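Notes for the one structure printed next.
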Amino acid sequence: MSVTVQSKQFTLDEYHRLVEVGFFREGDRVELIFGKLYEMAAKGTRHETILRRLLRELFKIVGDRVTVSCQSPIAIPSLNSELEPDVSLLRHREDDYLNSHPQPEDVLLVVEVADSSLEFDKTVKLPLYASAGIGVFWLVNLVDNTAEVYREPLRKPSGEWGYASCRVRLPQEELEVPGVEGVRLLLNRVFPPES
């Protein structure tokens with residue numbers, strides 16, 4: 001006798017219904033990626049410290065010119081996905097996103113802070129962000145103490161999605177903040193001195 005195991009693919013609407021009926025426990029951290037549920041990796045102290053430092057600097061330098069969001073959903077209906085990047089910069093919207101989660105056209109930047117999730121962020125999330133048309137993706141790489149800046153979503157000849165440009169920045173360098181002309185993030189304010 002053979003046993004067949006099938007996994008359930010969820011639509012974005014089904015996922016939202018699960019949230020509404022309380023299927024997930026408070027504190028559950030899940031993301032919907034191409035219709036599959038993924039449990040998000042636990043965050044270590046270094047990850048949280050870098051994230052706090054990054055948020056503090058972004059709030060200082062962008063002010064109220066864009067909406068800064070932390071670990072909040074971005075819905076990608078065309079891909080049956082809803083991710084919660086560590087940080088996102090969003091265009092202001094009149095309803096302040098009360099009527100729906102941000103979608104790719106609202107997003108100026110997504111940022112993932114990665115240590116144990118580095119491989120997953122590069123092989124799963126990066127192509128997803130690119131295929132959704134999100135123009136700029138920063139990967140704060142805690143393994144190598146760098147910030148990888150991906151720009152210009154591109155479908156490769158193989159059919160896979162990625163970005164046309166990738167630049168690696170060191171902790172003593174700076175990053176141009178998309179959507180806020182002339183504003184730069186000093187990475188030495190994000191990475192602690194011992195990094």
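The values are calculated or read from the model by the stated rules, or taken from the named source; none is laboratory data. What you are looking at is a predicted structure, and each value in this text was computed from that prediction instead of being measured. Positions of Cβ are backbone-derived with ideal geometry, glycine not excepted, and every protein chain shown enters the neighbour counts. Areas reflect the complete protein model, heavy atoms only, side chains present, ligands, DNA and RNA absent. Shrake-Rupley method; radii C 1.70, N 1.55, O 1.52, S 1.80 Å.
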Give me the log10 of I(q) over I(0) for the range 102-143 at q = 0.13, 0.16, 0.26, 0.29 Å⁻¹, as the Debye formula computes it from C-alpha points; what are the numbers? -0.26, -0.38, -0.87, -1.00
Pairing the Cα long axis of helix 45-62 with the longest principal axis of the chain, what angle in degrees results, from 0 to 90 and rounded to the nearest 10? 60 degrees
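Any chance you could run the full-extension gain for residue 96 through residue 49? It's 0.36 nm times the residue separation minus the Cα-Cα distance, nm to one decimal. Please list the in-between numbers first.
Numbers: separation 47, 0.36 × 47 = 16.92 nm, distance 2.74 nm.
Full extension of this stretch gives 14.2 nm more.
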Can you give me the long-range amide H partners of residue 40? Hydrogens built in the peptide plane at 1.01 Å from N, cutoff under 5 Å, separation of 5 or more residues or another chain. 29, 30, 31
Work out from phi, with θ = phi - 60° and the Karplus expression 6.51 cos²θ - 1.76 cosθ + 1.60, the ³J(HN,Hα) of each residue of the range 90-105, listed in order in whole Hz, and give x for Gly and Pro. 10, 5, 5, 10, 3, 7, 6, 6, 6, 8, 6, 5, x, 10, x, 5
Could you work out how far apart the two model spin labels at residue 123 and residue 23 are, taking each label as a point 7 Å from the Cα in the direction of the beta carbon, and quote it in nm? 2.6 nm
How much accessible area per residue does the range 23-132 have, counting only protein heavy atoms and a probe of 1.4 Å, in square angstrom? 49 Å²
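Beyond 27 Å, what share of the Cα-Cα pairs of the chain remains, rounded to the nearest whole percent? Write down the numbers at each step before the final one.
Working: 5681 of 18915 pairs.
Cα-Cα pairs of the chain separated by over 27 Å account for 30 percent.
Restricting to DSSP H runs of at least four residues, report the calculated mean residue ellipticity at 222 nm for the chain, -39500 (n - 2.57) per run over all residues, nearest 500 deg cm²/dmol.
Details: 3 runs with 33 residues, N = 195.
One gets -5000 deg cm²/dmol as the mean residue ellipticity at 222 nm.
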In this structure, among 36/125; 43/156; 36/156; 36/122, pairs with alpha-carbon gaps over 22 Å are 43/156; 36/156
In the range 70-195, what percent of the accessible surface is made up of carbon and sulfur (1.4 Å probe, ligands and nucleic acids excluded)? 47 percent
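Given a cut-off of under 8 Å on Cα pairs at least six residues apart, what relative contact order in percent is computed for the chain? Intermediate results must be reported in sequence, preceding the final value.
Numbers: 326 pairs, mean separation 30.6, N = 195.
Dividing the mean separation by the residue count of the chain yields 16 percent.
How do 172-181, 22-31 rank on mean C-beta neighbours within 10 Å, highest first?
Numbers: 172-181: 15.1, 22-31: 10.9.
Put in order of decreasing packing, that is 172-181, 22-31.
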